[in-house]
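A quick write-up on the structure given underneath.
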Amino acid sequence: MGDIRGRMGRAPYPDLQGGIWIHAVSVGEIGVARNLLSALRKARPGCRVGLSVTTAAGRELAESTLSREASIFAYPFDLAGPVERALDATRPGLVLLTETEIWPLFLERAARRGVPVALVNGRISERSFRGYRRVRPFLHGALSRISLFAMQSAEDARRVRQLGADDARVLVTGNLKYDLPAAPPFPDAERLRAASNGRPIIVAASTGEGEEAMVLDAWQQLAPRPLLVLAPRRPERFDGVAAVAKSRELTLVRRSSRPPVVSLAPDVYLLDSIGELASVYREATVAFIGGSLVARGGQNPIEAWAAGAPAVAGPHMENFRDVAAAGQERGILARVDDPTALARELAAALAAPEQTRRRAADAARFVEENRGAADRTAAAVLALLDASAVEGARA
């Protein structure tokens, strides 16, 4: 739930003085906000920007990476008191909601004050689309208060139009996650490489409940076994995942433990930190994209590709259907149905290192070719901000 006091509107808010309020729910959306914020700073250096978050993990990452670029605060609960207090204090000229954030009361209160709201990096998954269609009559009012829908793809744009968005307000700007900056070197790279002892490194990224056991099932079928980096999606699961590995009598190194590696070749390296996954991808031979062997809709493979890591994912990639389809077509994302198939795919990648290196280079090129959404989105939202300022001056 994050900062309850802040979400109730009882914590201090920044005064944005007609600037931009960006809302990012958690860790994944922080990356979107970071990329857009960079483009906004370039286009409008003096503009005040605030970044709200919902979860504790998102708040931690935002404060550690973006506190010099934007004021960080808690997003209010969608209740009259918290929303009114937040809008009173921040005085934004424009609010940007990331991806699928549609809060009816917030939208109504922002509209009442004449504050335009845009949905940026918008996406509507198949599952969300089915759910939204069932409440389409109730959703119409909320969508009518969104001034701009900057959608990731033509399919996302089609879906939001079918839900009732005004066609004139819908743009396809592309996926902001392709505009991510180069990941910095991993601070624990020396210890990680020592742990690998010359072996390839497989990164299992953003894994969900029950998925680590499936990945370990696949990994244990490999011979010889590479070093496996487990990176659970939620921090509260770190200890539980460590226990799963230890229950199999595997040797484990944790990112958070500072003593030197005892074993020359531990089985598992647990990435129990926030915001370092992109850097760890730089050390990977191949990456498994979590949330995809279990029915969680998958996670985003773009960070892995940008770091030069070809990827493997399970059958559940609904949340990133277009990205996954493009990766499959390009040959930089392989799809598997179960742990046995995952083991076969990983074994094939490790057995053909030259081919895997070529796929890695192509993955990085693919990301580079798809950059530009941040600049397109920044131009669209700044035009909206300027139009609103002119309208406000006339009033």
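The values are calculated or read from the model by the stated rules, or taken from the named source; none is laboratory data. Here the structure is a predicted model, which is why all the values come from computation and not from measurement. Glycine also receives a Cβ, built like all others from the backbone with ideal geometry; neighbour counts cover every protein chain displayed. Just so you know, the surface numbers come from the protein's heavy atoms only, side chains and all, with ligands and any DNA or RNA stripped out. Shrake-Rupley method; radii C 1.70, N 1.55, O 1.52, S 1.80 Å.
General observations
- In this structure, the amide hydrogen of Val170, modeled 1.01 Å from its nitrogen in the peptide plane, lies closer than 5 angstrom to those of Phe149, counting only residues at least 5 positions away or on a different chain.
- Estimated distance in nm for a label pair at Gln220 and Thr251, the labels positioned 7 Å out from Cα along Cα-to-Cβ: 1.8
- Ligands, DNA and RNA left out, the 1.4 Å accessible surface of the chain is 51% carbon and sulfur atoms.
- Charge context of Phe320, other residues only, Cβ under 10 angstrom, K/R +1, D/E -1: +1
- For Thr251, the amide hydrogen comes within under 5 Å of the amide hydrogens of Asp267, Val268, counting only partners 5 or more places away or on other chains and with H modelled in the peptide plane.
- Axis of helix 80-90 versus longest Cα principal axis of the chain: the two differ by about 90°, to the nearest ten degrees.
- R0 of 41 Å, Cβ-Cβ distance Ala43-Ser144: FRET efficiency to nearest 0.05: 0.90
- Angle in degrees between helix 353-369 and the longest Cα principal axis of the chain, rounded to the nearest 10: 10
- Cα-based helix-to-principal-axis angle, 238-247 vs the chain, degrees rounded to 10: 20
- Debye log10 I(q)/I(0) at q = 0.18, 0.21 Å⁻¹ for the range 267-386, Cα point scatterers: -0.97, -1.24
- Between the beta carbons of Asn197 and Glu391, assuming R0 = 45 Å, the FRET efficiency works out to 0.10 to the nearest 0.05.
- Highest-MSF residue in the chain out of Gly308, Gly114, Gly131 [GNM, Cα springs under 10 Å]: Gly131
- Stretched out straight at 0.36 nm per residue, the stretch from Arg85 to Asp337 would grow longer than its current Cα-Cα span by 85.9 nm.
- Relative contact order for the chain, counting Cα pairs under 8 Å that sit 6 or more residues apart, in percent: 15
- Inverse mean reciprocal Cα-Cα distance (Kirkwood Rh) of the range 184-287, Å: 13.5
- The 3J(HN,Hα) values that the Karplus relation (6.51, -1.76, 1.60; θ = phi - 60°) gives for the range 122-132 are, in residue order, x, 9, 10, 5, 4, 5, 5, 4, 4, x, 5 Hz. Gly and Pro appear as x.
- In this structure the amide hydrogen of Val49, modeled in the peptide plane, comes within under 5 Å of the amide hydrogens of Ile20, Ser71, none closer than 5 places in sequence on its chain.
- The mean sequence distance of close C-alpha pairs (under 8 Å, at least 6 residues apart), as a share of the length of the range 271-395, puts its relative contact order at 22 percent.
- Model label sites at Ala56 and Arg113, defined 7 Å from Cα along the beta-carbon direction, differ in position by 2.9 nm.
- In the range 39-148, Cα pairs under 8 Å separated by at least six residues give a relative contact order of 20 percent.
- Here the sum of -39500 (n - 2.57) over DSSP H runs of 4 or more residues, divided by the residues of the chain, equals -13500 deg cm²/dmol at 222 nm, to the nearest 500.
- Phi to ³J(HN,Hα) by Karplus 6.51 cos²θ - 1.76 cosθ + 1.60 over the range 29-35, Hz, x for Gly, Pro: 6, 4, x, 4, 4, 4, 5
- Accessible area expressed per residue, the range 260-390, with surrounding protein chains retained (probe 1.4 Å, Å²): 39
- Per-selection Kirkwood Rh - the chain (Cα, Å, 1 d.p.): 22.0
- Applied to the range 182-188, the Karplus parametrisation 6.51 cos²θ - 1.76 cosθ + 1.60 on θ = phi - 60° returns per-residue 3J(HN,Hα) values of 4, 5, x, x, 6, x, 9 Hz, with x for Gly and Pro.
- Leu16 sits among other residues whose Cβ lies under 15 Å from its own Cβ, and their net charge, with Lys and Arg +1 and Asp and Glu -1, is +3.
- When the Cα positions of Leu346, Gly372, Ala387 are compared along the charge dipole of the range 326-395, Leu346 comes out farthest toward the positive end, with charges on each C-beta of Lys, Arg, Asp and Glu.
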